[in-house]
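Here is the structure we will look at, set down as structure tokens.
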């Protein structure tokens, strides 16, 4: 327990004026309860209840009343193993989807506070083993030395070469577009990478991409609350982008790498980057408006699932819809969409809390994820919560009448496909690039 107090202080160093507003001004109105993907599992997982665990520490360390009166004003520092386990549990019942933020009448982002809580969990050595392994692997920069991971990446390159009928323009300096796929995309949604490459080749833009992925999915430290890892990984990516003279950095991953690179990067590197960061959806809409691409419209019954980090945290809401309305005559919205879209339940590492992923990653990498009895119980309970959280999203999909769900986040693709098999309806979950590749052509 000696590590607890230093860990509390480390986490609370993240408190800035914005976090102070989040900590001080909640009135417990419970407006956020109805939108959190984990409240249906238990009201103990409501955003207010989860964030309260950070407020307990904040009051004890940073307020006069908390220092003097302690529990009388709900101020305390965890002292038992049971309390620490509970904090880890609630910290990993959050996807940081920002939906609590958009519905809060006072503009309080409970997910942001839970991210601070994860810094505490990380500092006491209780980050889930699989996420810690990803984080350390990514920070080392040596993950491509692993035979299994190197094989996955080479397979992507080989498939892409075959698809475009020639060599890929790897590590080319001064290209107009620098496409940045991550290793996680290659592992979980390889078609998204191959089909983004096909689109870039098909429409004739001047593009390049790294010969090796620069990260597993940057930055894993954003998920675990390890800001030192986040800074190191993003700084290394920035160095590569500057070295190769990137003008437009293109992402196919619409999860947390998008806000990390587009909005967090300036604060990390201490300057406004010379390059701009766009998601594939934004980039293609630009080309469409410039008259450089066109689409052959089909008649698939298609809907769009907004990845939380792309939509609520990134504002990329109209662009995917513009593209899909060009690509099909049967586009339809989900009942909850745009800024009010339901989270799928798998973000911020929650989709990693499954036993089958532990087994698959162990087989792929040759690593052994040895879990204590207590962590095994934690993973089992987290997996049950994750699976339950998907059901709400699938009800929305069913109501839409869609037969194809298009999205842009590898976790969303995996989660919605899992949800289809668990709860129905029978739908295909596809990445945006995969859906558009055979419908787009140069104008």
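Tabulated results
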item: Residue ranges of helices (runs of 4 or more DSSP H) in region 202-297 with at least 2 members under 15 Å from residue 178 (Cα atoms) and touching a helix residue (DSSP H, G or I) at 6+ places or on another chain (Cβ under 9 Å); result: 227-243, 280-289
item: Test for residue 66: is it surrounded by fewer than 17 Cβ atoms within 10 Å (Cβ to Cβ) and assigned to a helix (DSSP H, G or I); result: no
item: Top-ranked residue in region 137-156 [being assigned to a helix (DSSP H, G or I) and without any contact (Cβ under 8 Å) to a residue 12 or more places away in the chain; ranked as farthest from residue 199 (Cα to Cα)]; result: 140
item: Which listed residue, of 161, 230, 202, is crowded, with 20+ Cβ neighbours inside 10 Å and at pLDDT 95 or above; result: 230
item: Enumeration of residues in region 396-438 that are surrounded by fewer than 24 Cβ atoms within 10 Å (Cβ to Cβ) and either in a strand (DSSP E or B) or assigned by TED's automatic domain parsing to the domain that holds residue 278 (or both); result: 404, 428, 429, 430
item: Scope region 303-328; condition assigned to a strand (DSSP E or B) and either in contact with a helix residue (DSSP H, G or I) (Cβ under 6 Å, 6 or more places away or on another chain) or not assigned by TED's automatic domain parsing to the domain that holds residue 428 (or both); matching residues; result: 303, 304
item: Tally, over region 346-369, of residues that are outside any helix (DSSP H, G or I), farther than 19 Å from residue 122 by Cβ and touching a residue at least 12 places away in the same chain (Cβ under 8 Å); result: 4
item: So residue 194, is it farther than 16 Å from residue 149 by Cα and part of a helix (DSSP H, G or I); result: yes
item: Only listed residue being out of contact with any strand residue (DSSP E or B) (no Cβ under 8 Å at 6 or more places or on another chain), exposed (fewer than 15 other Cβ atoms within 10 Å of the Cβ) and either closer than 30 Å to residue 362 by Cα or assigned by TED's automatic domain parsing to the domain that holds residue 348 (or both), chosen from 150, 91; result: 150
item: Selected residue (only one of 125, 107, 111 is within 26 Å of residue 232 (Cα to Cα), touching a residue at least 40 places away in the same chain (Cβ under 8 Å), surrounded by fewer than 22 Cβ atoms within 10 Å (Cβ to Cβ) and within 24 Å of the chain's Cα centre (by Cα)); result: 125
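The values are calculated or read from the model by the stated rules, or taken from the named source; none is laboratory data. Bear in mind that the values here come from a model prediction, so they are computed numbers and not experimental data. Because the Cβ atoms are built from the backbone with ideal geometry, glycine has one as well, and the counts that use them run over all protein chains shown.
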